[in-house]
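Here's the structure we're looking at; comments come further down.
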Amino acid sequence: MKIRLMLALLLVLAIVVACAPAPTATPVPPTAAPKPTDAPKPTDAPKPTAAPAATSAPAATTVPPTAAPAATKAPEPTAAPAQPYKGANLRILVANHPWYDYLKTILPDFQKATGINVTLENYAENDLVQKLTTEFTAGGSTVDAFMQRPLQEGKLFAQNGWYVDLNTFIKDAKKTPDTYNFADFQKAAIGTETVKDMLTGIPIVTEQEVLYYRKDLYQAAGLQAPKTLDELEAAAAKLTDKSKQQFGFIARGQGNPAVTQFSSYLYSYGGDWFDQNTKKATLNTPEAIAAFTLFGKLHKNYAPPGTTNMSWPQAVAVFAQGSVASYTDANSIFANLLDPTKSTVAEKTGVVVFPAGPKGSVPYSVTSWGLSIAASSKNKDAAWEFVKWATSKEIVLKEQGVGANPGARASVWADPVGKSKFPADWVAAQVASANGRGYDRPLVVQVGAARDIIGTIITAAINGEDVTAAANKANADFQKLLDSEPK
Amino acid sequence: MAKPQPKKRTAAQVLGDVIFYVVVLIILGFFLAPFLWMVFNSFKTPLQIAKMPPDWIFTPTLANYQNVFSSQKFGNYLWNSIVIGAGSTFFGLVLGLPAAYAIARYKQYGIATAILIARIVPGITFLIPLFILFRQLQMIDTYQSLILAHMLVALPFIVWVMVPFFESIPQELEEAARVDGASILQAFFQIILPISGPGIVTGAILAFVFSWNNFMFSIQLATSNTKTVPVAIYNFIGYAQIDWGGLMAAAVTITLPVLVLALFTQRYVIRGLTAGAVKG
Amino acid sequence: MSNFLDRNVKWLFPLPAILFILVMMVFPILYTVWNSMTPWSISAGRPPTFFGLENYQKLPDDSRFVASIGRTFYFTILAVSLEVILGVAIALLLNREFRFKRIINSIMLLPMMATPVAIAMVWLLMYVPTTGIINFVLRAFGLPEGLWVYNAQSVIPALALVDVWEWTPMIILICLAGLTALPHDPFEAAVVDGASTWQTIRYITLPMLMPTISVATLLRLIDAIKTFDIIYTMTQGGPGFTSETINIYAFVQSFQYFNFGYASSVLVVFFAVVLSVSLLVTYSRRSLEI
């Protein structure tokens, strides 16, 4: 029985051999333009999808593979039968995220209602990006929709033409009924998802930076929740007793991941990554250096050892064990800290808005994840059905109502159900920071490289090295990167 | 090793033995500790895992394993790993055995070098080119693509193990068969292969294990239908959550099959790992 | 037909394997070499058009690349030399008949068979400075605690320790096999001459075992220099860039910066490095007549 498989494979090998010289001679261009040779062959044929085949209706009749989005209306009856995309297969790449964890439990509703088969493929954050990039770069990807971080990959993917401009769907009344209520999405979130007038995705996850603090420890020391960074530093100093393994402060200290959580410090000191107008790097301005210095000092003097290789998982673990008094990080990780099954200090932990610096409290307030449609998808209309469903008010309310994910719809935040699973002080901090800065990392194409450059200053500051020297060097490197950015 | 033990043991010898066993125990402890810690923690809740000093006595929870098998569907991933491991091993043998035989018999060392180079090329080199290749062949999302990729690991290893093995088979055996009128093909299939069982088992087991453990090819070429276990372990690391209990249970689930396999076929595994370094 | 087969068997037998290698290996390598001569970058929006050796000219000025080479050798040499010293010593220790020997052999197999990604997760958990078991044990014995992979100075040794844990057993097993294969006569002569155990090891066992040890060492060198899974899982090159080996740097350039052209040039140089180490293997295998 294996013989047949074996013969088939040998045959495949023979074919491989036959085709070999061609790709060597002409490397495939990196652009997203799908190779014409791929177009006629539907890609969903061979794979046994997880969901049982809902129908035998041939996919080709319902989803014309090559038609441009605008022209697809013709073959469909405008009276819109209940399931115009019945039998379509969608391959959707998502990140391991509470949003996905909950969505997969309600996915059968969507499949039943539309007859569309959906395969959700989940990856860790970095692996997701690597996977998407390779597939899109090599061309011929079968990805229909994907989760994406607008601030990290937004510009990069847009520049390479890997997104469908969702405005084409939003503005088409036939595809997007009024009940979808696009205007309900927070303006800032839509702004983040927009690159050069193109709507790259629908925002699904929002977050702000907040301060988590131990109410009991602060109270015992006669302290209030810090309102300024100076107060934070004073409290951290007072609450640190290294002989008892008690520390006043923690935050991500690992260069690259720390950049986003450092951003609120930078903004609150009046600094920024670079000047948007002149494209001049501003990592070594007095404001920036003061912010880096404070951040380094908090880590060096009041944090547990080893923060320079700590991202949030390690920081969370330490805080949840009760040995740290204050912790600045994203409000999206609150479940790790406020859930009694995950944290020993859940009841004793409070949440407040990010402490103010010389320029007031300026936390980031960003859209960390969005849902996008791949330009190379052959099922764009069906994919839009999915995106529309997953970002509809009903689903966002469900997601938020179970506390799985803070969404981007204003009406859901106004709804008591939408807030019910979030602690009151968390909601208060969320509301107070909603108008913060719309980015937590420099808005460039080469975000990964930029974060690594900025990370070197953070590492130097934590290690107690010369911050100014590190900032000057990083600023020069960053300037080089800015100059190399495509216009 | 062959020194005869004197019948009467002096106090010094007893002491020597005690020291010996203590040292052996320490060495064993070093190699075993991570496994014990992994198993131990796989029965704990996340809170208990991060607790220091640890709870040595606690009520074990099976929640982590339930999570691994029910909500994360590790059953599927295990099956994928088995299919891909078996496939790449099988085809690695199909291609590797004749090649190794020719290399051993006809001193085709040039070919040997070419095949062994696959072992030294950094894995990252393959990621994008192979994706392009499989895309061209419409093979994305199939077991075949992963099997072919994993053969890049299996084939050189099988050749590496089998060449010295075939060299150790006396040429007279084959020549006797040839005198009796057998073709080379017949001699290979009827004389050489049957007595090569131990060598083949050795190569096959290790090729399977290497395929099982492979991370880099799998993460790039696998899709939800063909995901293998080392990739699936990352399911426990999320955007704002990391589940150490689940991670440890998954780690146990992943390593247990290969460890059991290795233990039951110990003799062959040791032979394979020491192949090429020790004569005979 | 049969005659044709018989005459050409030395080519026909390896043919399928050669074809496989041509497609699956030669194509990717040539493709990478070609890419290394283009400025191809997804992030900077540069196409894969030929522009010569510019990438290679940039390499010597790239401080991260230069540092990563040194670091790769630091890691490799540290790990492999520890493995060889420990491995040979333990093999000599275990080279006698005693109870439980089979069980011990079995346990030795486990570290190298276990899936590296899974094992790296376990070590990562054990290494956490505040809540990890290793520091807890050290503290209990009154020993100084370490920061392990959480500190720039200790990260490479900490990663090397994982490699040592994983691969020392291989050296042990190879040496044990080698010891079994040694002839008995010299040892008997030594006993007659009244040589001490140490003298026997120093002047008889080790010299005779040397060919085995050197091949084992070189095999480990090739694999250690390419270590990826453990570093990627545990530190991804951090803290800062202090555990960024060439392999990791090539990965970062490819899949975090998306500079495929430049990353390819890093890979080609890396390949050259591993190839030279491997040639050393082949050369010494020949010269040692093994």
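Checked against (1) within 12 Å of chain C (Cβ to nearest Cβ); (2) modelled with pLDDT under 90; (3) not in a loop (DSSP other than H, G, I, E, B), B:Leu95 meets all criteria but (2). Only a single item in (1) in a helix (DSSP H, G or I); (2) open to solvent by less than 10 Å² (accessible area, probe 1.4 Å); (3) at pLDDT below 90 is not met by B:Gly110, and it is number (2). Residues in the range C:13-39 that are more than 7 Å from chain B (Cβ to nearest Cβ) and over 22 Å from C:Phe51 (Cβ atoms) were compared, and the one that is nearest to the chain's Cα centre (by Cα) is C:Val26. A:Leu266 passes every criterion in (1) within 28 Å of A:Gln186 (Cα to Cα); (2) open to solvent by less than 20 Å² (accessible area, probe 1.4 Å); (3) in contact (Cβ under 8 Å) with a residue 40 or more places away in the chain apart from (3). The single condition among (1) assigned by TED's automatic domain parsing to the domain that holds B:Thr142; (2) over 23 Å from B:Asn214 (Cβ atoms); (3) under 22 Å from the mean Cα position of the chain (by Cα) that B:Ser71 does not meet is (3).
Name the single residue, out of those in the range B:252-280 being outside any helix (DSSP H, G or I), open to solvent by 20 Å² or more (accessible area, probe 1.4 Å) and within 7 Å of chain C (Cβ to nearest Cβ), that is modelled with the highest pLDDT.
Taking the range B:252-280 first, the residues outside any helix (DSSP H, G or I) are B:265, B:275-280.
The next check asks that each one be open to solvent by 20 Å² or more (accessible area, probe 1.4 Å); those that pass are B:265, B:278-280.
Keeping just the survivors that are within 7 Å of chain C (Cβ to nearest Cβ) gives B:278-280.
Working: B:Val278: 59, B:Lys279: 49, B:Gly280: 39.
The selected residue is B:Val278.
The condition of being hydrophobic (A, V, I, L, M, F, W, C) and either at the interface with another protein chain (Cβ under 7 Å from one of its Cβ atoms) or not in a helix (DSSP H, G or I) (or both) holds for C:Val122. The helices (runs of 4 or more DSSP H) located wholly in the range A:110-212 that include 3 or more residues which are within 27 Å of A:Ala434 (Cα to Cα) occupy A:150-159, A:187-193. Checked against the criteria, C:Ile103 counts as open to solvent by 10 Å² or more (accessible area, probe 1.4 Å) and part of a helix (DSSP H, G or I). Has the range A:423-431 got at least one residue that is within 12 Å of chain C (Cβ to nearest Cβ) and either in a helix (DSSP H, G or I) or without any contact (Cβ under 8 Å) to a residue 60 or more places away in the chain (or both)? So far as the range A:423-431 goes, no, none of its residues is within 12 Å of chain C (Cβ to nearest Cβ) and either in a helix (DSSP H, G or I) or without any contact (Cβ under 8 Å) to a residue 60 or more places away in the chain (or both).
The residues of the range A:95-118 that are buried (at least 20 other Cβ atoms within 10 Å of the Cβ) and closer than 23 Å to B:Tyr77 by Cα, listed by number, are A:Ala95, A:Asn96, A:His97, A:Pro98, A:Trp99, A:Tyr100, A:Leu103, A:Asn117, A:Val118. Selection of helices (runs of 4 or more DSSP H) fully inside the range C:1-67 by the criterion of at least 2 residues being open to solvent by 80 Å² or more (accessible area, probe 1.4 Å) returns C:2-12, C:27-36, C:54-58.
Scanning the range C:126-166 for residues that are at the interface with chain A (Cβ under 9 Å from one of its Cβ atoms) and of a type in the set (A, V, I, L, M) returns C:Val128, C:Leu147, C:Val149, C:Ala152, C:Val155.
Just the residues that are of a type in the set (S, T, N, Q) and modelled with pLDDT under 85, please, taken from the range A:300-331.
Across the range A:300-331, the qualifying residues are A:Thr307, A:Thr308, A:Asn309, A:Ser311, A:Gln314, A:Gln321.
Within the bounds of the range C:147-168, is there any residue that is under 16 Å from the mean Cα position of the chain (by Cα), farther than 30 Å from A:Trp312 by Cα and at pLDDT 90 or above? Within the range C:147-168, one or more residues are under 16 Å from the mean Cα position of the chain (by Cα), farther than 30 Å from A:Trp312 by Cα and at pLDDT 90 or above.
Do you know which of the residues in the range B:230-247 that are of a type in the set (A, V, I, L, M, F, W, C) and at the interface with another protein chain (Cβ under 7 Å from one of its Cβ atoms) is nearest to the chain's Cα centre (by Cα)? Within the range B:230-247, the match that is nearest to the chain's Cα centre (by Cα) is B:Ile233. Away from chain C (no Cβ under 14 Å), open to solvent by 40 Å² or more (accessible area, probe 1.4 Å) and within 20 Å of A:Thr179 (Cα to Cα), is that true of A:Ala414? When the stated conditions are applied, A:Ala414 passes them. Taking the range A:173-202 as the range and being more than 21 Å from A:Glu394 (Cα to Cα) and open to solvent by less than 60 Å² (accessible area, probe 1.4 Å) as the test, the residues that pass are A:Gly191, A:Thr192, A:Glu193, A:Thr194, A:Val195, A:Met198, A:Leu199, A:Thr200. Return a yes/no flag: does the range C:222-237 have any residue that is open to solvent by 10 Å² or more (accessible area, probe 1.4 Å), within 12 Å of chain A (Cβ to nearest Cβ) and outside any helix (DSSP H, G or I). Among the residues of the range C:222-237, at least one is open to solvent by 10 Å² or more (accessible area, probe 1.4 Å), within 12 Å of chain A (Cβ to nearest Cβ) and outside any helix (DSSP H, G or I), which makes the answer yes. Can we say C:Pro169 is closer than 23 Å to B:Trp37 by Cα, touching a residue at least 40 places away in the same chain (Cβ under 8 Å) and more than 14 Å from chain A (Cβ to nearest Cβ)? So C:Pro169 fits the description; yes. If I filter the range B:125-145 for residues that are farther than 20 Å from C:Ile18 by Cα, at pLDDT below 85, open to solvent by 40 Å² or more (accessible area, probe 1.4 Å) and assigned by TED's automatic domain parsing to the domain that holds B:Met216, do I get at least one hit? Checked the range B:125-145: at least one residue is farther than 20 Å from C:Ile18 by Cα, at pLDDT below 85, open to solvent by 40 Å² or more (accessible area, probe 1.4 Å) and assigned by TED's automatic domain parsing to the domain that holds B:Met216. The residue of the range B:50-69 that is least open to solvent (accessible area, probe 1.4 Å), among those that are under 30 Å from C:Leu86 (Cβ atoms) and facing chain C (nearest Cβ under 10 Å), is B:Pro54. Residue under question is B:Gly75, and the condition is that it be part of a helix (DSSP H, G or I), surrounded by fewer than 22 Cβ atoms within 10 Å (Cβ to Cβ) and at pLDDT below 85; does it hold? No; evaluated as a whole, the condition is false for this residue.
Remark: pairs (first residue in the range C:254-270, under 15 Å from C:Thr38 (Cα atoms) and within 8 Å of chain A (Cβ to nearest Cβ); second residue in a helix (DSSP H, G or I) and not small (Gly, Ala, Ser); Cβ separation under 6 Å; 6+ apart in sequence or on different chains) = C:Phe260/C:Asn35. Of the listed requirements (1) out of contact with any helix residue (DSSP H, G or I) (no Cβ under 7 Å at 6 or more places or on another chain); (2) surrounded by fewer than 20 Cβ atoms within 10 Å (Cβ to Cβ); (3) more than 14 Å from every other protein chain (Cβ to nearest Cβ); (4) not aliphatic (A, V, I, L, M), A:Lys244 misses just one: (3).
The values are calculated or read from the model by the stated rules, or taken from the named source; none is laboratory data. Model, not experiment: these values are computed from the prediction. Using ideal geometry, Cβ is built from the backbone for each residue, glycine included, and neighbour counts are taken over all protein chains shown. Areas reflect the complete protein model, heavy atoms only, side chains present, ligands, DNA and RNA absent. Shrake-Rupley method; radii C 1.70, N 1.55, O 1.52, S 1.80 Å.
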